[in-house]
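Here's the structure we're looking at; comments come further down.
FYI, it's all coordinate maths here, none of it is from the lab. Just so it is clear, the model here is predicted, and its values are computed rather than measured. Don't worry about glycine lacking a Cβ; one is built from the backbone with ideal geometry, like all the others, and counts go over all protein chains shown.
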Amino acid sequence: MDIETFRDYCLAKKGVTECFPFDEHTLVFKVMGKMFALSGLERIPAQANLKCDPDRSVELRAAYDGLILPGYHMNKLQWNTVVLEGNIPNDLLRELIDHSYELVVAGLTKKLKAELENL
């Protein structure tokens, strides 16, 4: 999956915005103001940090050694760095993006969940 496909997939989700809060190279995707994905645009091959259930992170890192790694500059238990342009199937990449999005949505306040539902 190239970075443009990754970006389009993230932006197609309900309530998602993109921004550059850290620097001009780190693209961040937020749902209702909460980060669920980010990508260093200067990184080659393209990579993204995605939130993940800690138990699943361990399994994914073992199954995709060198392609799914502990989150770069993130909480290593809850975030993975995923090589987008590696040998990870696109279906799995979309599933991991969905999983990250859903984890963040689950942690939103009732008020933000209601706002998201009404979009």
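Work from the charge dipole of the chain (Cβ charges, +1 for Lys and Arg, -1 for Asp and Glu, about the Cα centre) and give the residue of ASN80, THR109, LEU92 farthest towards its positive end.
Towards the positive end, the residue furthest out is THR109.
Roughly how big is the range 3-117's charge dipole about its Cα centre, with Cβ charges of +1 (Lys, Arg) and -1 (Asp, Glu), in debye to the nearest 20?
Once rounded to the nearest 20, the dipole reads 460 debye.
³J(HN,Hα) across the range 62-76 via Karplus (A = 6.51, B = -1.76, C = 1.60, θ = phi - 60°), whole Hz, x for Gly/Pro?
Taking θ as phi minus 60°, the curve returns 6, 6, 10, 3, x, 10, 10, 10, x, x, 5, 6, 10, 5, 5 Hz for the range 62-76.
As a footprinting exposure proxy, order HIS99, HIS25 by other Cβ within 10 Å, with the fewest listed first.
HIS25, HIS99
Which of the following values of Kirkwood radius over Cα pairs in Å was calculated from the structure shown: [x] 14.4; [y] 17.8; [z] 16.7?
Computed from these coordinates, Kirkwood radius over Cα pairs in Å corresponds to label [x].
What is the distance in Å between the Cα centroid of the range 6-61 and that of the range 85-119?
10
Once you have the Cα-Cα distance between TYR72 and ASP91, take 0.36 nm times their residue separation minus that, and quote the gain in nm to one decimal.
Values: separation 19, 0.36 × 19 = 6.84 nm, distance 2.28 nm.
This chain segment gains 4.6 nm when fully extended.
Net charge within 14 Å of LYS13 by Cβ-Cβ distance, Lys/Arg positive one each and Asp/Glu negative one each, not counting LYS13 itself?
Residues close to LYS13 contribute a combined charge of 0.
Relative contact order for the chain: what is it in percent, counting Cα pairs under 8 Å that are at least 6 residues apart?
Numbers: 181 pairs, mean separation 28.5, N = 119.
Contact order relative to length: 24 percent.
Read phi for every residue in the range 91-98 and hand back ³J(HN,Hα) as whole Hz from Karplus 6.51 cos²θ - 1.76 cosθ + 1.60, θ = phi - 60°, with x for Gly and Pro.
Karplus-based 3J(HN,Hα) across the range 91-98 equals 4, 5, 4, 5, 4, 5, 5, 4 Hz.
Can you tell which of GLY33, ASN49, ILE68 lies farthest toward the positive end of the dipole of the range 3-117, using +1 and -1 charges on the Cβ of basic and acidic side chains (Lys, Arg; Asp, Glu)?
Looking along the dipole axis, the top candidate is GLY33.
Once phi is turned into θ = phi - 60°, what whole-Hz ³J(HN,Hα) does the Karplus curve with 6.51, -1.76 and 1.60 give for every residue of the range 20-30, x standing for Gly and Pro?
Here the 3J(HN,Hα) series is 10, x, 9, 6, 7, 10, 10, 7, 10, 10, 10 Hz.
222 nm [θ] for the chain, helices only, -39500 (n - 2.57) per DSSP H run of 4+, per residue, to 500?
Calculated mean residue ellipticity at 222 nm is -11000 deg cm²/dmol.
Give, rounded to the nearest 20 debye, the magnitude of the charge dipole that the range 34-81 has about its Cα centre when Lys and Arg contribute +1 at Cβ and Asp and Glu contribute -1 at Cβ.
Using Cβ point charges on Lys, Arg, Asp and Glu, the range 34-81 gives about 160 debye.
List the residues of the range 79-119 whose backbone N lies under 12 Å from a point placed 7 Å from the Cα of ASP53 along the Cα-to-Cβ direction.
Output list for this probe position: 99-100, 103.
From the square roots a ≥ b ≥ c of the eigenvalues of the alpha-carbon gyration tensor of the range 38-81, which class results: rounded (a/c under 1.5), prolate (a/b over b/c), or oblate?
oblate
Below 13 angstrom from the Cβ of GLU115, what's the summed charge of the other residues (Lys, Arg +1; Asp, Glu -1)? Walk me through the numbers before you get to the answer.
Details: positive: LYS14, LYS34, LYS110, LYS111, LYS113; negative: GLU117.
Taking every Cβ under 13 Å from that of GLU115, the sum is +4.
Among rounded, prolate and oblate, which fits the range 1-58 when a ≥ b ≥ c are the square roots of the eigenvalues of its C-alpha gyration tensor, a/c under 1.5 means rounded, and a/b larger than b/c means prolate?
Numbers: a/c = 1.39, a/b = 1.07, b/c = 1.30.
Rounded shape, in that the Cα axes give a/c under 1.5.
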